[in-house]
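Working notes, beginning with the structure itself.
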Amino acid sequence: MLNLQLPTDPRWVQLVESDLHQVMVDHAWCEHKAASNAMSIIVRFPEHTTMVQELTRIAREEMEHFAMVVERIEARGWQLSPERKDNYVNDLLTFVRKDGAREERLVDRLLFSAMIEARSCERFKLLSEKASDPELRGFYRDLMESEAGHYATFIGHARSVAPRMDVDARWREFLAFEAKVIAGYGRNPTIHG
């Protein structure tokens with residue numbers, strides 16, 4: 001379904017478990033940024049009513065996920081520490097068109113969002129299958145399903161807002177670019193690192 005060209009090395013789970021506190025902090029901030037991203041698209045493209053409604057729902061869900069992750073951090077006796085830069089997301093952002101037709105810019109923002117959701121979904125699936133902590137396996141299973149839904153929503157809106165564009169061709173370009181980007185990651189205990 002996700003069509004990611006380069007799967008995450010399963011050894012990434014060992015990195016996560018070696019510094020679970022920092023991974024969960026990173027994860028919390030990823031959820032917060034995902035909510036902010038959805039709201040940013042709404043602010044820039046408010047004329048797409050159905051999309052606005054769907055992205056409002058996603059922004060709410062992402063903030064709920066943020067709260068859920070923070071709750072788990074605190075339940076383990078840890079604290080939420082300051083946000084760190086997400087280099088993976090910033091690298092992907094370089095592929096998003098900043099000029100051109102409004103429709104093309106919107107499609108790229110939606111595909112950028114779908115890509116992040118796809119990679120997060122893939123990593124959460126890995127955690128749901130390989131994490132040693134049963135509570136975390138269940139938690140990440142639920143989040144994986146949610147991320148898959150967000151991915152599908154972003155892809156669906158990219159196709160519907162630009163019926164004259166070959167959105168699938170642009171998606172294949174995103175997939176190829178992301179494969180090059182992700183090849184340099186997977187070595188740090190962060191969600192995308």
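Structure notes:
- Once the Cα atoms are used to define both axes, helix 134-161 deviates from the longest principal axis of the chain by about 10 degrees.
- Part-to-part distance (alpha-carbon centres) for segment 26-105 and segment 119-136, which is given in Å: 20 Å
- Taking Cα atoms only, the orientation of helix 20-44 departs from the longest principal axis of the chain by about 20 degrees.
- Angle between the chain longest axis and helix 167-182 axis [Cα atoms, degrees, rounded to 10]: 30 degrees
- Under the Karplus curve 6.51 cos²θ - 1.76 cosθ + 1.60, θ = phi - 60°, whole-Hz ³J(HN,Hα) for segment 98-111, x wherever Gly or Pro sits: 9, 10, x, 5, 3, 4, 5, 5, 5, 4, 5, 5, 5, 5
- Each peptide in 110-118, 93-101, 45-53, 13-21 receives the mean, over its residues, of other Cβ atoms within 10 Å, and ordering these scores from highest gives 110-118, 13-21, 45-53, 93-101.
Here, each number is a calculation from the coordinates, and none is a lab measurement. Fair warning: this is a prediction, and the values are worked out from it, not measured in the lab. Positions of Cβ are generated from backbone atoms using ideal geometry, with glycine treated the same way; all protein chains shown enter the neighbour counts.
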